[in-house]
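Each remark here refers to the structure printed beneath this line.
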Amino acid sequence: GTCTQVITLERATLEDVQFPENRDGVEAPLLECGASANPTFTEPNATGYPFLDADGDLSTTDDQSTFVGGNECLIDVYHNDAIIPDCDGNYTIARTWTVYDNCTEMTREELQIIRVADTTPPVFTCPADVTVSTDFTSCSATFNVPTYTATDACSDNISYNSSWSFGSDQNTYNVTPGTHQLTVSATDGCDNTSDCVVNVTVEDQVAPTIVCDAITAAAVTSEGTSIVFATSIDDGSYDECCTYAQL
């Protein structure tokens, strides 16, 4: 016996073309700018090409096929990118896709939004706690905020801020004795911030200032001895942090 099988090849049309999703953080995840070490991370191979879908149902994939152009369907695909800069290290690609039907000479266009964003705060290594002494002239310490360093995968401009109970945004603080927590923040060009807390201990490490009488007179007993107390020699000894110094 014989059998005849009829196979019909139906040419795709522009209406069968589906365009890639927006990489805007809504339809599909945006791109992290730290991935820019890979120069092709924004190329269509990574962000999607237009594709054909025969039945219009995106949940079924057996009828889908990806094409780049120059295919037997005589539908060509082009794209053009416009770069829109944003904050430091961030930008948006407005990618215009154009599909052209060589048979009907009709075109379709679709805009794909690709956001390259910095969502990661700087890497901040917290320095060790520090202990400082009070000044010689007061019962407090003049504390200079150390230079801290943070790194960021996207931003070259990192700003630093310090804050605690003695104020904020200063390089030098007047700090009383005790242990205090200093919060230092590193902020990149897109306002991502990481914090670091340093314990600053201020101790009185300054010895008292001794002031003695140049001449002290004391009576001598019949045995030829005399008792002279330290207070008799003191002529205003003092300590900046103590109201009473043991003489």
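The values are calculated or read from the model by the stated rules, or taken from the named source; none is laboratory data. Predicted, not measured: the structure shown is a model, and the values here were computed from it. With ideal geometry, Cβ positions are generated from the backbone for all residues, glycine too; neighbour counts draw on all protein chains shown. These area figures cover heavy atoms from the full protein model, side chains too; ligands, DNA and RNA do not enter into them. Shrake-Rupley method; radii C 1.70, N 1.55, O 1.52, S 1.80 Å.
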Applying 1/(1 + (r/R0)^6) with R0 = 41 Å to the Cβ-Cβ distance of Asp213 and Asn144, what FRET efficiency is obtained, to the nearest 0.05?
0.55
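In debye, nearest 20: dipole of the chain around its Cα centre with unit charges on the Cβ of K, R (+) and D, E (-)? Don't jump to the answer; show the numbers that get you there.
Numbers: 5 positive and 39 negative charges, 128 e Å.
Using only the charged Cβ atoms, the result is roughly 620 debye.
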Have a look at Ser155, Thr60, Ile75 and report the one farthest towards the positive end of the charge dipole of region 30-166, computed about the Cα centre with Cβ charges (Lys/Arg +1, Asp/Glu -1).
Ser155
Simple label model, 7 Å out from Cα along Cβ direction - Glu109 to Ser232, nm:
10.6 nm
Could you tell me the calculated FRET efficiency between Thr66 and Cys126, based on Cβ-Cβ distance and R0 = 35 angstrom, to the nearest 0.05?
0.15
When the charge dipole of the chain is computed with +1 on Lys and Arg Cβ and -1 on Asp and Glu Cβ about the Cα centre, the Cα farthest towards its positive end, among Asn38, Pro208, Gln112, belongs to Pro208
Rel. contact order, % - alpha carbon contacts under 8 angstrom, at least six apart, region 128-174:
35 percent
Region 41-61 versus region 100-178: alpha-carbon centroid distance in Å
39 Å
Percent carbon-and-sulfur accessible area, region 17-176, ignoring ligands, DNA and RNA, probe 1.4 Å:
50 percent
Here the relative contact order (percent) of the chain, from C-alpha pairs under 8 Å and at least 6 apart, is 15 percent
Which whole-number value in Å² is the accessible area per residue of region 89-129, probe 1.4 Å?
51 Å²
Of Pro50, Ile84, Gly178, farthest towards positive along the dipole that unit charges on Lys, Arg, Asp, Glu beta carbons give the chain
Gly178
